[in-house]
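Trainee: This is the structure I have questions about; it appears just below.
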Amino acid sequence: MLRLIGLILIGFVISGCGSGIPDKPLPMDLEAETTLARKNAEIEINMIRADKSLSDADKTRQIAAVHAGVEGYLKTFAESKKARDEQYGVD
């Protein structure tokens, strides 16, 4: 009897797992991601500017690295979004 209950329970779990998988992934919002990335970069840049232990040259280098990192991330995100939209169709 316990085996039967266990098998029924396993069947419910397996059938429930498959129903939660979407046909296609959630949409990627490039505009929202751009806004969020730029706000995060602005916060990081403000922290760099407020750091008294860094020289002006170090601050300039680190700020340039933050800008380059954000732009690289957004470029990669846009390319990923384009590829995914082509694969699944534009929403």
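Trainee: With (1) within 24 Å of the chain's Cα centre (by Cα); (2) surrounded by 14 or more Cβ atoms within 10 Å (Cβ to Cβ); (3) over 26 Å from residue 86 (Cβ atoms) as the list, and residue 59 as the residue in question, which single condition is left unmet?
Mentor: With (1) within 24 Å of the chain's Cα centre (by Cα); (2) surrounded by 14 or more Cβ atoms within 10 Å (Cβ to Cβ); (3) over 26 Å from residue 86 (Cβ atoms) applied to residue 59, the lone miss is (1).
Trainee: Restricting attention to region 30-50, report how many residues are loosely packed, with under 13 Cβ neighbours inside 10 Å and among the acidic types (Asp, Glu).
Mentor: Summing the residues that are loosely packed, with under 13 Cβ neighbours inside 10 Å and among the acidic types (Asp, Glu) in region 30-50 gives 2.
Trainee: Return the pairs, sorted by first residue and then second, in which the second residue is among the polar types (S, T, N, Q), the first residue lies in region 66-91 and is within 23 Å of residue 42 (Cβ to Cβ), the beta carbons are less than 8 Å apart, and the residues are 6+ apart or on different chains.
Mentor: If the second residue must be among the polar types (S, T, N, Q), the pairs left are 70/40; 74/34.
Trainee: Tally time: how many residues in region 28-54 are under 30 Å from residue 88 (Cβ atoms) and in a helix (DSSP H, G or I)?
Mentor: Filtering region 28-54 for residues under 30 Å from residue 88 (Cβ atoms) gives 28-41.
With in a helix (DSSP H, G or I) added as a condition, the list becomes 30-41.
Residues that pass the stated criteria total 12.
Trainee: Which pairs have Cβ atoms under 7 Å, sit 6 or more apart or on different chains, and link a residue in region 31-45 that is free of Cβ contacts under 8 Å to residues at least 12 places away in the same chain to one that is of a type in the set (Phe, Trp, Tyr) and surrounded by 11 or more Cβ atoms within 10 Å (Cβ to Cβ)?
Mentor: That search, which allows pairs on different chains as well, returns nothing.
No value in this document is a laboratory result; all are computed from the given coordinates. Everything numeric in this text was worked out from a predicted model, so none of it was measured. Glycine gets a Cβ as well: all are built from the backbone with ideal geometry, and neighbour counts include every protein chain shown.
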